[in-house]
């Protein structure tokens, strides 16, 4: 898994010279005024101001239960985050950002040396062992 992620990130570094476009977000059925979604989307926008990400969609899927969440990417630079609820949506966004090289801790956000959005086709689904973490 680590080797695959490393290979994907290295391939993306090579693609970073592609043209940049403004980040477009399709909220679907997700409430954009939700505080947890607002925070995660704001961090996503900050992290990818100048990234080759074309479109972001947020999808609530009833089939994702017990805190399951994930994301899909395609070769065009589109990202689809999916979860069963808004908290899971935030987990999906932050999991994606961590895969791109960002770290989040008590001291703040640390950006990667080289911006590496996950643009190679990826389909990630996380099934947490514990639904409510804290």
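When you scan the stretch 57-88, how many residues do you find that are in contact with a helix residue (DSSP H, G or I) (Cβ under 8 Å, 6 or more places away or on another chain), at pLDDT 90 or above and farther than 14 Å from residue 124 by Cβ?
Going through the stretch 57-88 one residue at a time, the tally reaches 4.
Let me spell it out: the conditions are (1) buried (at least 18 other Cβ atoms within 10 Å of the Cβ); (2) out of contact with any strand residue (DSSP E or B) (no Cβ under 7 Å at 6 or more places or on another chain), and residue 98 meets all of them except one. Which number is the exception?
Failing condition for residue 98: (1).
What pairs can you find where one residue is in the stretch 29-49 and exposed (fewer than 13 other Cβ atoms within 10 Å of the Cβ), the other is assigned to a loop (DSSP other than H, G, I, E, B), and their Cβ atoms are less than 8 Å apart, with a gap of 6+ or different chains?
That search, which allows pairs on different chains as well, returns 49/23.
With respect to residue 53, determine if the residue is assigned to a helix (DSSP H, G or I), under 21 Å from residue 121 (Cα atoms), modelled with pLDDT under 85 and touching a strand residue (DSSP E or B) at 6+ places or on another chain (Cβ under 9 Å).
no
Residue by residue through the stretch 63-88, note down the ones that are assigned to a helix (DSSP H, G or I) and closer than 14 Å to residue 128 by Cβ.
We begin by selecting, within the stretch 63-88, every residue assigned to a helix (DSSP H, G or I); these are 86-88.
Within the stretch 63-88, 87, 88 qualify.
Can you tell me which residues in the stretch 65-85 are more than 14 Å from residue 25 (Cβ to Cβ), in contact (Cβ under 8 Å) with a residue 24 or more places away in the chain and out of contact with any strand residue (DSSP E or B) (no Cβ under 6 Å at 6 or more places or on another chain)?
Correct list: 66, 67, 68, 74, 75, 84, 85.
The values are calculated or read from the model by the stated rules, or taken from the named source; none is laboratory data. Keep in mind that what you see is a predicted model, and the values were worked out from it rather than measured. Don't worry about glycine lacking a Cβ; one is built from the backbone with ideal geometry, like all the others, and counts go over all protein chains shown.
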